[in-house]
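The values are calculated or read from the model by the stated rules, or taken from the named source; none is laboratory data. On a predicted model such as this, the values are computed, not experimentally measured, just so you know. For neighbour counting, all protein chains shown are included, and Cβ atoms are generated from backbone atoms with ideal geometry for every residue, glycine included.
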């Protein structure tokens, strides 16, 4: 493998010294880019895009051709695992994800096995290998998976949900069954992320998109615990370097101290927490990744720079910050505003690293 | 006016001694009740239901006929104010609220005046008077309004929103204009709630449904500040009794200390914060209202009782708790489960008040 030319991301995630604050953007390969929309159109549908390594590679690299981002992130979807478990993932026109066979009964849970990543999710691993080759050491490649709880919400509800009635009812009334489901998911995510690491990803992120809809007690028992199980089984070194792990619970700002003790290297932080206060709360345990309100990108370039200035100042001097949005970029954002953001982070962060 | 037979709610909101923890339920007059659905059907559409005092009174009283709740809450909608401002509120079939004339420009904002409650929102005041008469002192009547920020989100977006792009863009790029909009809304809400109090409501609640989508800085500047403005102008005594004020910012668990300093009497707390920790954080400043996950009502009666037990235990002894859900009741909930909840709160809370 070619030596890594820009290792700011990996260093910052491990709280090592860097010259500039690194930045990447959640969903940086996405619908706000006309070239993404063109590839997606060519692919026909979203899952074909995910399942064709050449196309996944193409869209993964698109934002890097426009912006001097400090990382690439594998283009894929968190629902590849339940799809590989045989639940029949599909995306209806204008709708969110849906499963043909949602998980509702004990028999449904017992029928689930851990997918073999190199067999059942081969297209993901092939995409990782291809992207690494094409990246040629330019920036590191981030792999990812959904948290067990987040995957379970889609699998039990059968689709996106507003109130999570089905999955919470299973959690409340059949906690042992829910634990069985979360355990097979934790084992699946562990195998999946380890295979991504073996195939070449250099950092991994676990997206706990729906942990924030739980009470503190339920969050610890049904979401955080299974992310900790994954952390216990992950390969933490590859190609002679540490592989940092980022946990991100959306709307989990109240639980940062708990998440910081999980054994991860970095916390994703959404914009409802001040990044300086987050840092004070978790101390030196972990790096932080975040946390600009994605909607700031609707605003003027001057206002975007002002927000970057404020976040960098809130975080303060020294290492351990990876700049990102607090959630995925919205699809109606003007790509030129992303250029403003990336440049602002690099330019305005330099004084904090002298 | 008839003397109040059950004043547990008012006493608990002022942190005075009670015999049992009072309970009411956000959206207790709503679609989970077949009798509500029948009245709604008769009314034809939602706004007719809101605008016909006899029908609003009828549905307000329905849950009290089924359950020994400790309060009634006026049946209405937070969007009555922008409707009275002339924005043309309507509800399309299967859609959320929409405005025919959203607020987008400086001219749009400057055209807004403070509605005269007894003239432009007379149907609300008539409903309050009628409900008070029909309640006949059985339990207190709660009035309410949306927070300025929350109202502004609907007025600027023109409908419900996923990412709040329009309203946030106005906030980021035209903060002076946004403040002008929030100021006229704060003055309107103040006049509206004072008119409700004059008409007979005995406590008021401000619903800041969308304050939680802001960063901490923006929350303080664009949501909390205008709720404080309202608090400064509210009638705090009526009929020889204090009129308690409850503020509720959904997803505002990180800012409870700040909200507690606003001058309100009680905080609404959603289920993502442990109620015992919330109490420890705000101390003796305010009462708390909440905070069971509404989805627990999907679970079995035994599980519902278990959750009530846990919340009462977390809060602990002594006064200052009003039991409620952490958000509005879901429409698919079985009314029999609500009966279980109300009885459990009364039965299981007695030991904490001895």
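Could you check, for segment A:28-35, whether at least one of its residues is more than 28 Å from residue A:117 (Cα to Cα), in contact with a strand residue (DSSP E or B) (Cβ under 9 Å, 6 or more places away or on another chain) and crowded, with 22+ Cβ neighbours inside 10 Å? No: zero hits. Of the set (1) surrounded by 24 or more Cβ atoms within 10 Å (Cβ to Cβ); (2) more than 28 Å from residue A:163 (Cα to Cα); (3) more than 19 Å from the chain's Cα centre (by Cα), all apply to residue B:280 but (1). Here residue B:198 does not qualify as at pLDDT 95 or above, surrounded by fewer than 20 Cβ atoms within 10 Å (Cβ to Cβ) and either within 14 Å of chain A (Cβ to nearest Cβ) or assigned to a loop (DSSP other than H, G, I, E, B) (or both).
Checked against (1) within 18 Å of residue B:250 (Cβ to Cβ); (2) within 12 Å of chain A (Cβ to nearest Cβ); (3) touching a helix residue (DSSP H, G or I) at 6+ places or on another chain (Cβ under 7 Å), residue B:208 meets all criteria but (2).
Segment A:101-181 holds helices (runs of 4 or more DSSP H) entirely within its bounds, and those carrying 2 or more residues that are over 26 Å from residue A:231 (Cα atoms) map to A:106-110, A:122-135, A:165-173. Residue-level check: of (1) touching a helix residue (DSSP H, G or I) at 6+ places or on another chain (Cβ under 8 Å); (2) at pLDDT 95 or above; (3) in a loop (DSSP other than H, G, I, E, B); (4) under 29 Å from residue B:237 (Cβ atoms), residue B:1 misses just (2). Is it true that residue B:104 is on the phi < 0 side of the Ramachandran plot and surrounded by fewer than 14 Cβ atoms within 10 Å (Cβ to Cβ)? In short, no. For the criterion of being without any contact (Cβ under 8 Å) to a residue 60 or more places away in the chain, in a strand (DSSP E or B), surrounded by 23 or more Cβ atoms within 10 Å (Cβ to Cβ) and away from chain A (no Cβ under 14 Å), residue B:193 fails. Is it true that residue B:133 is more than 21 Å from the chain's Cα centre (by Cα) and under 15 Å from residue B:201 (Cβ atoms)? Taking the combined requirement at face value, the residue satisfies it. Among the conditions (1) at the interface with chain A (Cβ under 8 Å from one of its Cβ atoms); (2) closer than 21 Å to residue B:317 by Cα; (3) surrounded by 22 or more Cβ atoms within 10 Å (Cβ to Cβ), the only one that residue B:267 does not satisfy is (1).
In this structure, does residue B:236 turn out to be surrounded by fewer than 20 Cβ atoms within 10 Å (Cβ to Cβ), farther than 22 Å from residue B:307 by Cα and free of Cβ contacts under 8 Å to residues at least 24 places away in the same chain? Answer is yes for this residue. When you check residue B:40 against the structure, is it in contact (Cβ under 8 Å) with a residue 12 or more places away in the chain, buried (at least 18 other Cβ atoms within 10 Å of the Cβ) and not in a helix (DSSP H, G or I), yes or no? The answer is no for residue B:40. Of all residues in segment A:329-352, those satisfying the criterion of being in contact with a helix residue (DSSP H, G or I) (Cβ under 7 Å, 6 or more places away or on another chain) and within 21 Å of residue B:157 (Cβ to Cβ) are A:329, A:330, A:332, A:333, A:337. Residue under question is residue B:119, and the condition is that it be away from every other protein chain (no Cβ under 14 Å) and more than 30 Å from residue B:4 (Cα to Cα); does it hold? Considered against the rule, which asks whether it is away from every other protein chain (no Cβ under 14 Å) and more than 30 Å from residue B:4 (Cα to Cα), residue B:119 comes out as no. When the residues of segment B:154-176 are filtered to those that are buried (at least 24 other Cβ atoms within 10 Å of the Cβ) and closer than 17 Å to residue B:79 by Cα, the one that is nearest to the chain's Cα centre (by Cα) is B:154. Taken as a whole, the structure places residue B:253 among residues that are closer than 19 Å to residue B:150 by Cα and facing chain A (nearest Cβ under 10 Å).
Among residues of segment A:158-171 that are within 9 Å of chain B (Cβ to nearest Cβ) and at positive phi, those with a beta-carbon under 8 Å from a residue that is modelled with pLDDT of 90 or more and buried (at least 18 other Cβ atoms within 10 Å of the Cβ) at least six positions away or on a different chain give the pairs A:164/A:153; A:164/A:157; A:164/A:210; A:164/A:213; A:164/B:295. Picking from residues in segment B:286-318 that are part of a loop (DSSP other than H, G, I, E, B) and surrounded by fewer than 17 Cβ atoms within 10 Å (Cβ to Cβ), the one that is farthest from the other protein chains (Cβ to nearest Cβ) is B:318. Could you identify the single residue in A:72, A:92, A:56, A:84 that is surrounded by fewer than 23 Cβ atoms within 10 Å (Cβ to Cβ) and under 18 Å from residue A:128 (Cα atoms)? Exactly one residue qualifies, and that residue is A:84.
Entry remark, segment B:319-341: residues being crowded, with 22+ Cβ neighbours inside 10 Å and assigned to a helix (DSSP H, G or I) number 2 in total.
Yes or no, residue by residue, for (1) part of a loop (DSSP other than H, G, I, E, B); (2) within 14 Å of chain A (Cβ to nearest Cβ):
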| position | (1), (2) |
| --- | --- |
| B:217 | no, yes |
| B:225 | no, no |
| B:230 | no, no |
| B:235 | yes, no |
| B:246 | no, no |
| B:262 | yes, no |
| B:277 | no, yes |
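With the requirement that a residue be surrounded by fewer than 14 Cβ atoms within 10 Å (Cβ to Cβ) and either in contact with a strand residue (DSSP E or B) (Cβ under 9 Å, 6 or more places away or on another chain) or within 29 Å of residue A:113 (Cα to Cα) (or both), what does segment A:43-53 give you? Selection gives A:45, A:48.
The set of residues in segment A:177-190 being within 14 Å of chain B (Cβ to nearest Cβ) and either buried (at least 19 other Cβ atoms within 10 Å of the Cβ) or modelled with pLDDT under 95 (or both) consists of A:178 alone.
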